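Peer 1: Here it is, the structure in full.
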Amino acid sequence: MGNSESKPDFKTSIEFLFQSEFDQSNQTQLLETLKLPQTPEDVFICIGPLEADKLWTTYPKNLETLLSVCADLCLKVGQGELHHGENLTLNAVRVITRVLPFLLQNPEASAYLWSSGLAMKIIQGLRGLMFVYDFSIPIVSELSAFEMDPGRLWEEGLYAESVPSASGQMRKNRTELLRAVIACCSEVLYLEYASVSEFVNSWSWVMCSWEIKFGKDLFYSLVNSALTCKEEHTIPYGGYGYYSEEANYSCQLLNIMLNSKLPSQETVQDTQELQLAQEALLEVHNTIKSVSSETYINFSNVFVDCAKELDEVDHFQFICKSLSKHFADSVRSRASFFGSEKDPNYLEQLLFLLWNFVEKNSSFETYLVQSEYLIPILDFMLLNIYEYKDNISKAGLIQMCVFLLLHFSSLREFALQTSKEYGNHLPISLSGLNYYFDVVVCVFYEILHQKSHLLPLVSSMVTILLNLSAYVKFVGKNASVKLFSMFEYFSSKKFMYKEQFNYVYLGLMLELFNNRLQYQWDGSLYLVYNIICNKALFESLDNFKADSTAEANWELTEDWETKVKETLNLSLVKAVLKDLLPRIEKVCEFSEVSEADIYNFLTKTTMVGAFPQPHPLYLRKFQSNSETVSWFTSYLWGLIYMQNQKLPLFDYRSIKLFTVTVNEMAS
């Protein structure tokens, strides 16, 4: 909130950088300018993409001087060598925040920042500023920057039952620092999607290194800030208000760090930028250890290591309880006539954070799927899938929910949770749902049967149902009908001959039926009824022949036909038809019978002795690959991009990772 006299001075000084070579006598002027009480908007207006490009291409010495002054200020204040002088430090941070995303569009510029030593200064300076007394934390810590000090943590939560209260200005300072670090890690935005899986971001690699001070302090501060989530205000009727910017950016940065890829030695040797980053990291390492080493290289991520090391029940409870509350509030507000959801993009960040914890810490996942906190999270995911099934812009959110369900489904404990009764409390127009598995089936049916833009999720959805099938106690009438409808769809010519390997889905559905028949007979009688009523379909599959008249995009061969037959394990279904159908037909000879009569008859039957030896059960786990790596990176940075529109952090015209439309800009 600068006054009218200071703004022109700042603008004039900055403009001078773009007009002629900067000499040393101007450096004092620049320092004085940075002391003026500017706002982030002031800095952003004065330095745009054209100005940044001009600095790089026409006046590189000016650029080096500008960044050197700002980096040195941050570093000295972060190391306690200089008082922060609030305006001076913040304006230095703002210049870095504004300039870095433009420079990182150019690989040569990024390499220059490492070779000049500016990159390491910026990283160390920003990290140090996050724990400076009276600037970002309200205490003076006596512990080393490489020891975790609970007193330094930003919010209560993990390792901190209570913390000294931070002022509003400290929270704003933290927010600006978080934005600056996010800007430093944004190089991936300017890469093509196809090249993302192999890309190693030098900035985030070094930012995640144990050699950069306050690593553990920052991890726990980000977790606590993201989950404690101090609300700025609330609204009536169940709405939970806007989340604080500190919480929002904490969650963004934490996800970036946990999603950061580490390089291999071969990758470092093949990439100039990574070589320069390694040399800078080695120099810092030698300074810390007071040794001279030419061989050390850091292949560890402090944030990932901290996430993996969480093993106390209290830690798991804090994370799960916090996430559960946020998601439950969202469901409650969307179910309320007066409620309205605030910051849905932030909730997507929290969902991504949940994924990171699940993926990095198996003990955490096991705790969650057995806990009382799972059901509110499950409610949130199922509601998202159902509510946004027609919204193409929410396809990423739906895929995130499906991936989480796939991860959970490989645990037997999760299947037992989906056996719990469903209270019809979600705002979805689906009836006859008695258990959570019924909800999962019917929500998935809506996607599998109708939404073409979500067809890539078919494999994951079928796998989820299959993983749960042997352990869920009961499948209701409506869910059984939907399961059989899926089976009919997968067996149709329209689907079978559309892609060469579509028959795999039919095999998976048969495996699901076999699991129900063999291991959960009493809870599968509605499914048994549907099988009995469709004897002709199973007979046609038992005598499967490739249809030479079908339209296919590949050659129908005997080998393909053989593979289809090998996939279709019909032994249990045939046993049911052979044993039960004659008995049911005999009952029908003497009187008219209804569906209810047949179901009642089935409750009194058994297949003991009619089935072969129980088959082994297979749980299919989520497997990461280059495509999923690219997808998660693209999805995360898409969320970050959309959450940084109030004060645009990135030049949308230069983004290659995903497509930015004018409508997105308007929103």
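Peer 1: Where only protein heavy atoms count, and the probe is 1.4 Å, what is the accessible area per residue for region 379-483 in Å²?
Peer 2: Result: 31 Å² per residue.
Peer 1: Compute the length gained on full extension between ARG620 and THR58: take 0.36 nm times their separation in residues and subtract their Cα-Cα distance, giving the result in nm to one decimal.
Peer 2: 196.7 nm
Peer 1: Taking one equal scatterer on every alpha-carbon of region 309-420, how large is log10 of I(q)/I(0) by Debye at q = 0.09, 0.11, 0.14, 0.16 1/Å?
Peer 2: -0.23, -0.34, -0.55, -0.72
Peer 1: Let me ask something else about it. Rounded to the nearest whole Å², what accessible area per residue is found for region 525-590 with the 1.4 Å probe?
Peer 2: 60 Å²
Peer 1: Once the convex hull of the C-alpha atoms of region 547-601 is built, how many Å³ does it hold per residue, rounded to a whole number?
Peer 2: Once divided by residue count, the hull of region 547-601 is 159 Å³.
Peer 1: How far is it, in nm, from the label point at ASP522 to the one at SER165 when both lie 7 Å from their Cα along the line to the Cβ?
Peer 2: Label at ASP522, label at SER165, 5.8 nm between them.
Peer 1: Taking the Cα-to-Cβ direction at ASN286 and at ALA575 and moving 7 Å from each Cα, how far apart do the two end points lie in nm?
Peer 2: In this crude label model, ASN286 to ALA575 measures out at 7.1 nm.
Peer 1: Report the rotationally averaged projected area of region 371-417 based on its alpha-carbon convex hull, in square nanometres.
Peer 2: 3.2 nm²
Peer 1: Now for a different question. Structure shown: which of LYS498/LYS621; LYS545/LYS621; LYS477/LYS604; LYS535/LYS621 lie over 28 Å apart, alpha-carbon to alpha-carbon?
Peer 2: Pairs exceeding the cut-off: LYS545/LYS621; LYS535/LYS621.
Peer 1: Follow-up. Using all alpha carbons of region 485-600, what is the percent of pairwise distances in each 5 Å bin, ordered from the shortest bin to the longest?
Peer 2: Computed distribution, short to long bins: 2, 10, 20, 21, 16, 12, 9, 6, 3, 1, 0.
Peer 1: Turning to a different aspect of this structure: For the chain, count all C-alpha to C-alpha pairs, find those more than 39 Å apart, and express that count as a whole percent of the total.
Peer 2: Of all Cα-Cα pairs in the chain, 42 percent lie more than 39 Å apart.
Peer 1: Further question: Work out the P(r) tail for region 474-524: percent of alpha carbon pairs separated by more than 11 Å, whole number.
Peer 2: 69 percent
Peer 1: In what sequence, largest accessible area first, do THR271, THR287, THR633, THR606 appear using a 1.4 Å probe?
Peer 2: Order by accessible area, largest first: THR287, THR606, THR271, THR633.
Peer 1: Another question, then. If amide hydrogens are placed 1.01 Å from N in the peptide plane, which non-local residues have theirs closer than 5 Å to the one on ILE137?
Peer 2: Answer set, sorted by chain and number: VAL132.
Peer 1: At a 1.4 Å probe radius, carbon and sulfur cover how many percent of the accessible area of the chain?
Peer 2: 50 percent
Peer 1: What list of ³J(HN,Hα) values in whole Hz, one per residue of region 507-516 in order, does the Karplus curve 6.51 cos²θ - 1.76 cosθ + 1.60 (θ = phi - 60°) give from phi, with Gly and Pro shown as x?
Peer 2: x, 5, 5, 5, 4, 4, 4, 4, 4, 5
Peer 1: What base-10 log of the normalised intensity I(q)/I(0) is obtained for region 602-667 from the Debye formula, alpha carbons as equal point scatterers, at q = 0.12, 0.13, 0.20, 0.22 Å⁻¹?
Peer 2: So the normalised log intensities work out to -0.54, -0.57, -0.91, -0.98.
Peer 1: More than 18 angstrom separation, counting every C-alpha pair in region 428-549; what % is that?
Peer 2: Result: 51 percent of Cα pairs exceed 18 Å.
Peer 1: Ignoring everything except DSSP H segments at least 4 long, calculate the 222 nm mean residue ellipticity for the chain; use -39,500 (n - 2.57) per segment, divide by total residues, nearest 500.
Peer 2: -19000 deg cm²/dmol
Peer 1: Give or take rounding to whole Å, what are the principal axis extents of the alpha carbon atoms in region 106-264, in descending order?
Peer 2: So the three principal-axis extents are 48, 44, 25 Å.
Peer 1: Let me ask something additional. Within region 109-168, list the chymotrypsin sites (Phe, Trp or Tyr not before Pro) lying in a DSSP loop whose Cβ has at most 16 other Cβ atoms in a 10 Å radius.
Peer 2: Answer by residue number: PHE146.
Peer 1: Return the inverse of the average 1/r over all pairs of distinct C-alpha atoms in region 415-465, which is the Kirkwood hydrodynamic radius, in Å to one decimal.
Peer 2: 11.8 Å
Peer 1: For region 120-235, what is the accessible area per residue in Å² when the probe is 1.4 Å?
Peer 2: Ligands and nucleic acids excluded, the result is 33 Å² per residue.
Peer 1: Give the accessible area for LEU411 in Å² (nearest 10); use a 1.4 Å probe, count only protein heavy atoms, and leave out ligands, DNA and RNA.
Peer 2: The accessible area of LEU411 comes to roughly 40 Å².
Peer 1: May I ask for the Kirkwood hydrodynamic radius of region 139-194, worked out over all distinct Cα pairs and given in angstroms to one decimal?
Peer 2: Result for region 139-194 stands at 14.0 Å.
Peer 1: Residue by residue through region 415-424, what is 3J(HN,Hα) from phi via Karplus (6.51 cos²θ - 1.76 cosθ + 1.60, θ = phi - 60°)? Round to whole Hz and write x for glycine and proline.
Peer 2: 4, 5, 5, 6, 7, 6, 5, 9, x, 6
The values are calculated or read from the model by the stated rules, or taken from the named source; none is laboratory data. Computed from a predicted model, the values in this text were never measured in an experiment. Quick reminder, even Gly has a Cβ in these numbers, built from the backbone with ideal geometry, and neighbours come from all protein chains shown. The accessibility values were calculated without ligands, DNA or RNA, using every heavy atom of the protein model including side chains. Shrake-Rupley method; radii C 1.70, N 1.55, O 1.52, S 1.80 Å.
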